[in-house]
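*Asks:* Mind having a look at this structure? Questions to follow.
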Amino acid sequence: MFQKDQKSFFRNLENVEKHEGEMPEMEKFVEFWGGIWERNEPTPNMPWMEKVKAELNEKVNNVKEFKITEDKLKKETAKRKNWTAPGVDGIQNFWWKKFIPAQMQLVKAFNNLYIDTKTITEWWPSGRTVLLPKTKNLSDEKNYRPITCLNTSYKILTGLVAKYMREHTVVNEIWDEGQLGAVEGVLGTVDQLVIDRCIMEEVNQCQRNLAAAFYVYKKAYDKVHHDWMTRVYDWIGIPRSVIRLIEELMGKWKTRLEIWNGKDKVTSRWIQILGGFLQGDSYSSPT
């Protein structure tokens, strides 16, 4: 196993607890995740939206053109891990990083897709979602963590889009610096936990009063309406050509669930991502 799949080898070493219960049928997993991802709900128009739209529009005064160049693509591929699990095409990042002629072809292909979004194929923005048990109880389909693997070339393009959008919001002073979970190169959750711990230690040591409030979002990334995403992009001044590219990609988002039952891999039907972000997408982090 070590020679074929080092990740699974080390995961098995760490998994010392024995699992309990029987794994549900694939239909149960499809019913649960399909019930979340295949919900297509439009965003209602609310009075406060016009006010927010006007406030955001006033901030936007510097809109740069979205360009895909060899230099930008080289930097985008360089920061990616070589052997990250690939999507349905089976191509890992290593090959895009090391074969320079392939990078040149990617730049041409990406620019063609950007100019004519109707040429985007159905299979390219799709993924495969591996289900891993979160607890030792295997009988509950809700106790599985979905890990979606996408085509690496697709993630390179959406990584370029994400970088452009991030720079756009920073230049126009729209970016909220408090949202550390979406800051590139920052472990937002870890940073916030460290801050919380420092606060609690000061409260205990200095005997101070503390009032705290928090929100609990369940599957927040899975429930954002697609029309709401594009509406906000328009409010913050993202060029229509970029929004059109995103809309075309979102319209083709889909995945298939995969789970190992002993030595056999079980695969589901295709599940459309009609609501929320496509898990594992480079583009989802800045939004």
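The values are calculated or read from the model by the stated rules, or taken from the named source; none is laboratory data. As the structure is a computational prediction, the values presented were derived from the model and not from experiment. We place every Cβ from the backbone using ideal geometry, glycine too, and count neighbours over all the protein chains shown. Accessible surface is based on the protein model in full, side chains and every heavy atom, while ligands, DNA and RNA are left aside. Shrake-Rupley method; radii C 1.70, N 1.55, O 1.52, S 1.80 Å.
*Asks:* Name, by its number, the condition in (1) over 21 Å from M46 (Cβ atoms); (2) open to solvent by 100 Å² or more (accessible area, probe 1.4 Å); (3) not acidic (D, E) that does not hold for K223.
*Replies:* (1)
*Asks:* Considering only residues that are assigned to a loop (DSSP other than H, G, I, E, B) and out of contact with any helix residue (DSSP H, G or I) (no Cβ under 7 Å at 6 or more places or on another chain), look in region 47-62 and name the one that is surrounded by the fewest Cβ atoms within 10 Å (Cβ to Cβ).
*Replies:* Among them, the one singled out is N61.
*Asks:* Continuing with this model, one more query. Name the single residue that is surrounded by the fewest Cβ atoms within 10 Å (Cβ to Cβ) among those in region 251-277 being more than 21 Å from E22 (Cα to Cα) and polar (S, T, N, Q).
*Replies:* In this case the residue turns out to be Q272.
*Asks:* Filter region 174-189 down to the residues that are out of contact with any Leu (no Cβ under 9 Å at 6 or more places or on another chain) and among the aliphatic types (A, V, I, L, M), then identify the one that is modelled with the lowest pLDDT.
*Replies:* A182
*Asks:* Quick one: is K136 touching an Asp or Glu at 6+ places or on another chain (Cβ under 8 Å), among the basic types (K, R) and at pLDDT 90 or above?
*Replies:* For K136, the condition - touching an Asp or Glu at 6+ places or on another chain (Cβ under 8 Å), among the basic types (K, R) and at pLDDT 90 or above - is not met.
*Asks:* Let me ask another. With of a type in the set (D, E, K, R), farther than 13 Å from Y154 by Cα and part of a helix (DSSP H, G or I) as the only criterion, which of K118, K81 stands out?
*Replies:* On the way: K81 fails: part of a helix (DSSP H, G or I).
From the options K118, K81, the qualifying one is K118.
*Asks:* From the list I91, I115, I100, which residue is surrounded by fewer than 13 Cβ atoms within 10 Å (Cβ to Cβ) and more than 19 Å from V161 (Cβ to Cβ)?
*Replies:* Sole residue among the options that is surrounded by fewer than 13 Cβ atoms within 10 Å (Cβ to Cβ) and more than 19 Å from V161 (Cβ to Cβ): I100.
*Asks:* Any idea which residue in region 12-51 is modelled with the highest pLDDT, counting only those that are among the charged types (D, E, K, R) and within 16 Å of K263 (Cα to Cα)?
*Replies:* E25
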